[in-house]
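Worksheet for the structure shown next.
Computed from the coordinates by the stated procedures, all read-outs in this text should not be read as laboratory data. Please read all numbers here as calculations on a predicted model, not as lab measurements. Here the Cβ positions follow ideal geometry from the backbone for every residue, glycine too, while neighbour counts run over all protein chains shown.
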Amino acid sequence: MTDNAQPHGSIDVLDFPGADDLIAAGRVEPPSSRVVEAALAQVSAGLVVVPLEAPRRKPSRSRRLLVAAAAVAAIAAGAVAYPVIGVGESRPPASASAAEFLNRMAATAAGASETDAPYWKVHVEVDNEDDRQRRSTSWFDREGHLWSRNLDGSIEKPSPGSKLKAWPVGDRFLTWKQLESLPTAPDALERRLGDDAFGKASALLQDAPLAPEVRAALFRIMARTEGVKLIGQVEDTKGRKGTAVEFTGRPGWMEDPATGKRTIFPSRTTRLVIDPESGKLLESYDTAKGMPDSRSTYLEVGPVDRVG
């Protein structure tokens with residue numbers, strides 16, 4: 001390679017007045033260890049911002065096909081035709097700061113204790129166009145039987161043949177007992193989730209009864225998802241302090257198999273507020289251009305010994 005040749009794929013970063021003089025100056029001695037240590041101290045103190053780029057993952061196909069949750073339900077009911085969903089182009093890589101934070105949450109999640117409690121409680125406040133603002137409290141057992149608190153304070157018990165509580169994982173819905181068989185390796189778990197791994201991982205982390213190793217794997221999947229951003233310290237709607245990360249998915253479309261008509265969906269942005277001490281999700285927001293916001297605030301999620 002000649003002195004003027006540029007390596008394939010390189011970027012000319014010395015494009016400023018005086019660059020030629022700098023190049024002609026020849027080799028410059030590296031800074032002393034004292035200077036390096038001082039610079040690192042400033043970075044740690046937040047005085048210096050160093051732009052970093054996380055390693056890129058293998059590019060995904062520009063268009064993928066997946067089945068919507070509604071379509072999965074239709075297939076389970078025996079329907080033959082189902083809508084096809086497509087997604088757009090790839091996103092920019094995750095910021096190093098978001099990846100670092102989410103990997104730290106993975107370590108926190110992995111250090112949590114297993115539970116042998118018989119029930120799982122979810123007390124959540126939602127605010128969206130359909131439901132407005134409302135609170136609900138539910139309990140589930142490991143088989144998926146559901147108890148819920150009525151508006152008058154009474155508790156509605158599961159009836160024979162009632163629908164079991166289950167969480168979406170890939171193209172299936174799994175009860176608490178079935179969630180226990182999920183793989184703990186991030187690669188294997190991401191394959192189970194399928195497309196939109198960030199959205200499916202965040203949905204599980206919100207209120208699903210997961211083993212600590214599975215929660216850790218979900219955080220690691222989100223950490224390496226392209227396009228995740230660290231927002232920083234925020235307060236949720238209840239004044240609880242947390243750290244927010246944000247992810248904007250690709251635009252998508254749904255095609256009616258009967259008519260061939262295609263409906264375009266705008267890209268949606270999900271913001272998660274996470275308690276940095278426990279790794280629990282405090283709140284989630286979903287927004288899309290031209291559509292109202294949707295918020296879920298998790299007031300209490302975890303194992304309990306009894307219903308009520």
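Structural remarks
- Counted residue by residue at 0.36 nm each, then reduced by the alpha carbon distance between them, the extension gain from Asp171 to Glu246 reaches 24.5 nm.
- Virtual spin-label span in nm between Lys289 and Thr259, 7 Å along Cα→Cβ: 2.4 nm
- The distance between label points at Asn103 and Leu164 comes to 3.8 nm (points 7 Å beyond Cα on the Cα→Cβ vector).
- Protection proxy ranking, highest mean first, for peptides 205-214, 163-172: 205-214, 163-172, where packing is the per-residue count of other beta-carbon atoms within 10 Å, averaged.
- Per-residue extension of 0.36 nm, minus the Cα-Cα distance of Ala112 and Val126, leaves a gain of 2.3 nm for this segment.
- Selection of GluC sites (Glu not before Pro), the range 115-160, meeting DSSP coil and at most 14 other Cβ within 10 Å: Glu129, Glu143
- Listed by chain and number, the lysines whose alpha-carbon sits under 30 Å from that of Lys177, ignoring those within fewer than 8 places in the same chain, are Lys121, Lys157, Lys163, Lys165, Lys200, Lys280.
- Kirkwood Rh (inverse of mean 1/r, distinct Cα pairs), the range 65-304, angstrom: 19.0 Å
- Magnitude of the charge dipole, the range 65-304, Cβ model with Lys/Arg +1 and Asp/Glu -1, debye to 20: 140 debye
- Around the amide H of Glu283, modelled in the peptide plane, lie the amide H atoms of Val273, Tyr298, all under 5 Å away and 5 or more residues distant in sequence or on another chain.
- Theoretical gain in end-to-end length, Glu226 to Ser278 [0.36 nm per residue, Cα-Cα removed]: 16.3 nm
- Cα lying deepest toward the dipole's positive end in the range 65-304, options Val124, Leu102, Leu189, charges on Cβ: Leu189
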